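Taking it in order: structure first as structure tokens, then the write-up.
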Amino acid sequence: RKRTGAGAKSGARPPRALSREELSELVLNSGVAGQSPSKPEVKCLHAQLADHLCRDHSNPLGEAILSGVAARGVAVHGDSQCHQQCDCGVAREAATWWYTPVKNKQKLFTRLERRKQRQVARLE
């Protein structure tokens, strides 16, 4: 039996495949990370910066972020080692540096600590 997905109605027409042009237009006009001219708040600065770097350098917010990072002394145009994590030809053990995100680990650690504190409070 073919899976139809959650909530799919029996006999429903499958979505029409978009052409490359239609898909490109949809993505480019959808806003970066949900950002649009009608939303004054800015979120996902990394997405704004990626949009600026990967498209045609026309994202003014991405440009401002890049300038701010460069002003802090970050080599925004790379250096002799920055390719190591993205280059499949460089083994992790051979790399001179490796980025390890800590955000999720910190969130899990904080959650565990809160649970421990609640358990201690219940026992008192």
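Quick notes
- Single unsatisfied condition, residue 54 versus (1) at pLDDT 75 or above; (2) over 24 Å from the mean Cα position of the chain (by Cα); (3) open to solvent by 100 Å² or more (accessible area, probe 1.4 Å): (2)
- Members of the stretch 69-107 found to be outside any loop (DSSP other than H, G, I, E, B), surrounded by 10 or more Cβ atoms within 10 Å (Cβ to Cβ) and more than 19 Å from the chain's Cα centre (by Cα), listed by number: 70
- Test: residue in the stretch 25-40 that is surrounded by fewer than 14 Cβ atoms within 10 Å (Cβ to Cβ) and at pLDDT 80 or above: no
The values are calculated or read from the model by the stated rules, or taken from the named source; none is laboratory data. Note that the structure is a prediction, hence the values are computed from the model and not measured. Cβ coordinates were reconstructed from backbone atoms using ideal geometry, including for glycine residues, and neighbour counts include every protein chain displayed. Side chains are part of the model used for accessible areas, which takes the heavy atoms of the whole protein and leaves out ligands, DNA and RNA. Shrake-Rupley method; radii C 1.70, N 1.55, O 1.52, S 1.80 Å.
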